[in-house]
Amino acid sequence: MRIQKVRVQGFRLIEDAEIMPESGSTGIVGRNNSGKTSLTDVFERFAGDGGAKFRLEDFSAGTRSRFLEAKELREKGEAPEKVLATMPRITDHPDLRL
């Protein structure tokens with residue numbers, strides 16, 4: 001099995017990134033705080049043996065306002081479905097192709 005394309009959105013420092021690994025080796029290079037470790041961590045979360053376990057810190061800073069919005073909806077007594085629909089998600093993207 002070879003990963004052809006990966007898209008990561010909203011995970012730590014990665015707002016929206018897409019990579020298409022070459023058939024040989026692919027190296028991830030960048031400055032400090034550019035998302036290299038975040039990219040390897042997201043692979044571990046989805047492909048590792050331990051299963052996907054995320055913490056609040058794993059969501060990018062750009063999604064924090066959605067947590068606050070969901071909290072306000074919950075405090076107002078909105079339906080759980082509406083609260084959950086407001087929450088940000090980290091998911092495998094539909095463009096992920098193996």
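The values are calculated or read from the model by the stated rules, or taken from the named source; none is laboratory data. Please read all numbers here as calculations on a predicted model, not as lab measurements. Every residue, glycine as well, gets a Cβ built from its backbone with ideal geometry; the counts of neighbours run over all protein chains shown.
Suppose the filter is hydrophobic (A, V, I, L, M, F, W, C), part of a helix (DSSP H, G or I) and modelled with pLDDT under 80; does Phe46 pass it? Yes.
Filtering the stretch 75-93 to residues that are at pLDDT below 90 and small (Gly, Ala, Ser) leaves only Ala85.
Given the options Glu81, Glu22, name the one that is without any contact (Cβ under 8 Å) to a residue 40 or more places away in the chain and in a loop (DSSP other than H, G, I, E, B). Lay out the reasoning, then the answer.
Details: Glu81 fails: in a loop (DSSP other than H, G, I, E, B).
None of the others qualify; the one that does is Glu22.
Filter the stretch 7-32 down to the residues that are out of contact with any helix residue (DSSP H, G or I) (no Cβ under 8 Å at 6 or more places or on another chain) and surrounded by 10 or more Cβ atoms within 10 Å (Cβ to Cβ), then identify the one that is modelled with the lowest pLDDT. Step through it out loud before you land on a result.
Initial filter on the stretch 7-32 (out of contact with any helix residue (DSSP H, G or I) (no Cβ under 8 Å at 6 or more places or on another chain)): 7, 9, 16, 18, 20-27, 31-32.
Remaining after also requiring surrounded by 10 or more Cβ atoms within 10 Å (Cβ to Cβ): 7, 9, 16, 18, 20-21, 26.
Working: Arg7: 83, Gln9: 80, Asp16: 83, Glu18: 85, Met20: 83, Pro21: 81, Thr26: 74.
The residue in question is Thr26.
The set of residues from the stretch 49-77 being part of a helix (DSSP H, G or I) and of a type in the set (D, E, K, R) comprises Glu57, Asp58, Arg64, Arg66, Glu69, Lys71, Glu72, Arg74, Glu75.
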